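Okay, so here's the structure we're looking at.
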Amino acid sequence: MPESKSENFIFTVIMAFLMVYAMICYNIAINIGGMTDHVLLMAFGELRIMWPIAIILELFVMERPVMALTRRVTTKEMPFFFILLIRCSLTVCLMCPTMSLIATFLFKDFQKAGLIGVWLQTAVINFPMALCWQIFFAGPAGRWIFRKLFRKAA
């Protein structure tokens, strides 16, 4: 795991990419009625906007609350795996509604239904996917990529 500010930045960049790209693909697929190869390319349009937003949001807004909440609900005796799952879950609990709000404002037509209604619907639809994607795919993949980049000499 990251041991310095520069490593933390690289880890955040990796994780934000994996999460944001997948969630954009998911939302586009929902909007057009299914997943196609074209969705994988269409997602890069939103990615160039949402990826930097996620990085900034995680590094400067969400990291401290997530760490504080993690410390409140964990103990030193807990296995690291459980602490990791709790931290990942708390990150999704804070990031998903926030990123859903930003995406609703930037990319959704909310004038008729209202911003709050469309945002809540978007967050509710995104949350299960974001949580599962983080725990089962993006989290393990991001940590694996990070370990390959920053392999410590034994």
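Read-outs: derived from the displayed coordinates by stated rules, not from any lab. Since the structure is predicted, the reported quantities are computational estimates derived from the model, not experimental observations. Neighbour counts run over all protein chains shown; Cβ positions are idealised from the backbone, glycine included.
Of all residues in the range 103-124 being loosely packed, with under 14 Cβ neighbours inside 10 Å and aliphatic (A, V, I, L, M), which is nearest to MET23 (Cα to Cα)?
Looking at residues that are loosely packed, with under 14 Cβ neighbours inside 10 Å and aliphatic (A, V, I, L, M), I get VAL124.
Does THR70 satisfy being hydroxyl-bearing (Ser, Thr, Tyr) and in contact with a Lys or Arg (Cβ under 9 Å, 6 or more places away or on another chain)?
Yes: the conditions hold for THR70.
Does the range 62-73 contain at least one residue that is polar (S, T, N, Q) and buried (at least 17 other Cβ atoms within 10 Å of the Cβ)?
For the range 62-73, residues polar (S, T, N, Q) and buried (at least 17 other Cβ atoms within 10 Å of the Cβ): present.
Since MET1 meets every condition but one in (1) assigned to a helix (DSSP H, G or I); (2) among the hydrophobic types (A, V, I, L, M, F, W, C); (3) exposed (fewer than 13 other Cβ atoms within 10 Å of the Cβ), which condition does it not meet?
(1)
Residues being over 24 Å from GLY45 (Cβ atoms) and surrounded by fewer than 20 Cβ atoms within 10 Å (Cβ to Cβ): count how many of those fall in the range 91-102.
Summing the residues that are over 24 Å from GLY45 (Cβ atoms) and surrounded by fewer than 20 Cβ atoms within 10 Å (Cβ to Cβ) in the range 91-102 gives 2.
Determine, yes or no, whether CYS88 is closer than 22 Å to MET15 by Cβ and surrounded by 17 or more Cβ atoms within 10 Å (Cβ to Cβ).
yes
Looking at GLY34, GLY45 in this structure, which one is of a type in the set (Gly, Ala, Ser), part of a helix (DSSP H, G or I) and either more than 21 Å from ALA141 (Cβ to Cβ) or touching a residue at least 60 places away in the same chain (Cβ under 8 Å) (or both)?
GLY45
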